[in-house]
Every structure is written in C-alpha cells, then in structure tokens.
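First up is the structure itself, then whatever we jot down about it.
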Amino acid sequence: MEILGLIALWFGVSFCIIGVLGMVRMPDLYCRLHASGKVATVGLCGLLLGAALLMPSITFKVIALAIFAVLTLPVSTHAIAAAAYRHGVPMTQGAINTAANEPSIQIISSEEESWVA
Amino acid sequence: MFTHAVLAVPMAVLWMLVSSTISAGSFVVGYALGFAILYVVNVCNVEISYRKLPSQVAALFIYTVTLMRDIWLSSMDVAKRVLDPNLPLNPGVIAVATQDATECDFNAAFSAHGITITPGELVVDFDGSHTMYVHCLDTEASSKSAPAAQAKRLKLLNRIKGL
C-alpha cells in the first residue's frame, strides 16, 4: 500500500513538473493555459490518490476534493482564457484564427498597446 | 417534487464524502440539506420522471467515464507535446457551433467544460450560447474532430436531462 501510494505521489509530482515545464516552453498565454489546466488536473489527481493510499482515513475527503477539482479547474482555465481573449492578448505568430471573430465583449483599455508590443 | 427528491441523493452522497462520516445519520442530514438547497435555489429545469430515470443515470455514467478518459488522454497529449524537443504546435482559434436548438445555458456550460477537458482544446469565448470559440493546440486536427465530438456530447447531455 505504501509503495503504491509513493508511486502515485511521484506520478502526480512528475505531472506537475511537466505542467510547469509547459508553462515555460509554450509560446503564448493560450497555449500555456493548456499546459497548466490539463496536466495540472491529472497531477493533482495523482497527488490526491497518493494521499488517499498513504492515509486511508481521509479517502472520502480526497474523493470529494477530486470531484470539485475536476469540475472547477476547467472553469478557472476558461475564465482566464476568456479574460485574455477579450482584452486582446495577442497569439503567437503563425496562429490561425479561422473563427475570425471579434471577441463578444471588447474591453477598451489604454494598457492594450503595451501588450501588443 | 420527485425531481428534487432524486437530485438530493447525489448531494447527500457529496455531504457524506465532505464530512467523511459514512453513516445513515449523515446521509439523512445531507439529504435534508440538499433537498432544502434545491428547493430554495430551484435550479432544476430538469424534469425527472420514474420512467426515464434509469436511462438518465446510465447516460450520466457514460458521460463521467468519457470525461475521465478525456482528462487522461488530454493531459497525456499535452505532456507529450511539452516534452517533445521540437514542440509540435499548430495553435489557432476555431468556431464550433453548440448545435443546441434550445440554446440552453446548461448545455452550453457543460459543453464548454467538456471541450476544455478534450485533448488540446480550450474554450476562449462565447457568442450567446450558440457558438463557442475554441483555442486548439493542433488546429487542423481539432477543426475536423470538434463538431462530431460536440454532437455526441450534446446528445449525451440531452439524455442526462431526460429529453
């Protein structure tokens, strides 16, 4: 049981590291959100599984935590992405915008120039 | 009333998990709290009938399993891209129709949640509740697969709602 728990913990930690690596390597904000949002979900689940295996008394709380995390992490990712998109944070060069839309709500901001540069 | 009574069951289970006491007493407390909350908030435009309940539960089960599979696949996919020395990206934004005639907020919210969890896709914006703007890591592959996946997801969501 202890070995399984440690394996799960290592698995979770390595996925978190991959998530951080993705944050550094990806070219722009939207791609970075992919790395942080998705890889971190599995990393967190791995950590929680490890915690549950090592300390069986908290198993039920861990299950509840996992449910909440899976439900809410994509929402926070989406909130950050939507805020960035509406502010007009530029994508990396070579990105295709086949949607070719204007963001549904545009936030006019004097700071926008500094991002575009 | 039957709808509230059924929906309070998962809330009672959640209460038992959070308070980490699995007993009949805590189920009763959770059930009462869940029922009260559902009655006050009254979020259910979902109508649950005796006849459709098994099919709804089955659809919910299938949806959960596919969601877990998607989470696993998507993080593997992104991890592979991150660890690849060439960083194989083809990022871009595409428009995906919700394909929902009723323009129901429930469907839109869960479609966006599901898409954000699908491999290499992330909803960045909404146009009402009929078009989603999706940021993809691999634009060409996603623009082919996204509409079909969305149609499947919507069908499942409608089955969960008992339509």
Picked from segment A:60-75 (must be under 12 Å from A:LYS38 (Cα atoms) and touching a residue at least 12 places away in the same chain (Cβ under 8 Å)), the residue surrounded by the fewest Cβ atoms within 10 Å (Cβ to Cβ) is A:ALA69
Reported set for segment B:120-156 where residues are farther than 21 Å from B:VAL65 by Cα, of a type outside the set (Lys, Arg) and in a helix (DSSP H, G or I) is B:THR139, B:GLU140, B:ALA141, B:SER142, B:SER143
Going through segment A:1-45 in order, the residues found to be in contact with a Leu (Cβ under 8 Å, 6 or more places away or on another chain), touching a residue at least 24 places away in the same chain (Cβ under 8 Å) and within 8 Å of chain B (Cβ to nearest Cβ) are A:ILE18, A:PRO27, A:TYR30, A:CYS31, A:LEU33, A:GLY37, A:THR41
Residues of segment B:71-118 being without any contact (Cβ under 8 Å) to a residue 12 or more places away in the chain, surrounded by 15 or more Cβ atoms within 10 Å (Cβ to Cβ) and in a loop (DSSP other than H, G, I, E, B), in sequence order, are none
Taking segment B:51-70 and keeping only residues that are part of a loop (DSSP other than H, G, I, E, B) and without any contact (Cβ under 8 Å) to a residue 60 or more places away in the chain, one is left with B:ARG51
Requested in this report: Tell me, yes or no, whether segment A:53-69 has at least one residue that is among the charged types (D, E, K, R) and modelled with pLDDT of 85 or more.
Outcome: yes
Inset, instruction - Report whether or not B:LEU33 is outside any strand (DSSP E or B) and in contact (Cβ under 8 Å) with a residue 60 or more places away in the chain. - result: no
Counting only residues in segment B:12-34 that are within 12 Å of another protein chain (Cβ to nearest Cβ) and not polar (S, T, N, Q), the one farthest from A:LYS61 (Cα to Cα) is identified as B:GLY30
query: Residue check: is B:SER55 touching a Pro at 6+ places or on another chain (Cβ under 7 Å), of a type in the set (S, T, N, Q) and closer than 26 Å to B:GLN150 by Cα?
result: no
Among B:ARG69, B:ARG153, B:ARG51, the single one that is basic (Lys, Arg) and more than 14 Å from chain A (Cβ to nearest Cβ) is B:ARG51
Just to be sure before I move on: is B:THR98 more than 9 Å from chain A (Cβ to nearest Cβ) and farther than 14 Å from A:LYS38 by Cβ in the structure I sent?
yes
Taking segment A:56-86 and keeping residues among the aliphatic types (A, V, I, L, M) and farther than 13 Å from B:VAL18 by Cβ leaves A:ALA69, A:VAL70, A:LEU71, A:LEU73, A:VAL75, A:ALA79, A:ILE80, A:ALA81, A:ALA82, A:ALA83, A:ALA84
A:LEU33 passes all but one of the listed conditions (1) surrounded by fewer than 20 Cβ atoms within 10 Å (Cβ to Cβ); (2) aliphatic (A, V, I, L, M); (3) within 15 Å of A:THR92 (Cα to Cα); the exception is number (1)
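The values are calculated or read from the model by the stated rules, or taken from the named source; none is laboratory data. All values derive from a computational prediction rather than experimental measurement. For neighbour counting, all protein chains shown are included, and Cβ atoms are generated from backbone atoms with ideal geometry for every residue, glycine included.
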